[in-house]
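Accompanying notes for the structure given below.
The values are calculated or read from the model by the stated rules, or taken from the named source; none is laboratory data. Quick caveat, the model's predicted, so the values are computed rather than measured. All Cβ positions, glycine included, derive from the backbone under ideal geometry; neighbour counts span all protein chains shown. Note: accessible area is taken over every heavy atom of the protein model, side chains too, but ligands, DNA and RNA are not part of it. Shrake-Rupley method; radii C 1.70, N 1.55, O 1.52, S 1.80 Å.
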Amino acid sequence: MNTTQLLLLALNCINENRELSHTELSKIYVFYRTEIDYKNISIDEFMLNQNWLLTDECNTQKVMSFIETYLHLSSKKAKSRKQYVEQNSW
């Protein structure tokens, strides 16, 4: 997944008024790990570097909020997995 696909996924979910599927959540998690976590940047930094201009400011804010929410959930999941591995490694 790239940033354009992430944007389109967010737009589709918002327009269809639906939650993400398990597969879509997994794709966002992988996106978070490869594009944010492994590059050692913050979610805030990532979001500030995007130039997502949509038809109006309200839509732009909805999309950015949607993406930011799921990136933060992915961050929590990554930290939880890291803790689990550290606790269960010999």
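Each of 13, 28, 61 was placed along the dipole of the chain (beta-carbon charges, centred on the mean Cα), and the one lying farthest toward the positive end is 28.
Using a 1.4 angstrom probe on the protein heavy atoms only, could you order 31, 66 from most to least accessible area? Display every interim value, and only then the final one.
Details: 31 5, 66 35 Å².
Accessible-area ranking of 31, 66, largest first: 66, 31.
Net charge around residue 79, counting only other residues with Cβ within less than 15 Å of its Cβ (Lys, Arg = +1; Asp, Glu = -1)?
On the way: positive: 33, 76, 77, 81, 82; negative: 37, 86.
Within the 15 Å Cβ shell, the charges total +3.
These residues, 58, 13, go from largest to smallest accessible area, 1.4 Å probe, as 58, 13.
Largest first, the residues 64, 1, 47 sort by 1.4 Å accessible area into 1, 64, 47. Rolling a 1.4 Å probe across the protein heavy atoms gives segment 1-71 an accessible surface of 64 Å² per residue.
For the chain, the equivalent ellipsoid derived from the alpha-carbon gyration tensor has semi-axes of 26, 15, 10 Å in decreasing order.
In this simple spin-label model, placing a label point 7 Å from the Cα along the Cα-to-Cβ direction at both residue 72 and residue 59 gives a separation of 2.5 nm.
Under the simplified labelling scheme, the residue 2-residue 18 pair shows an inter-label distance of 2.5 nm, with each label point 7 Å from Cα along Cα→Cβ.
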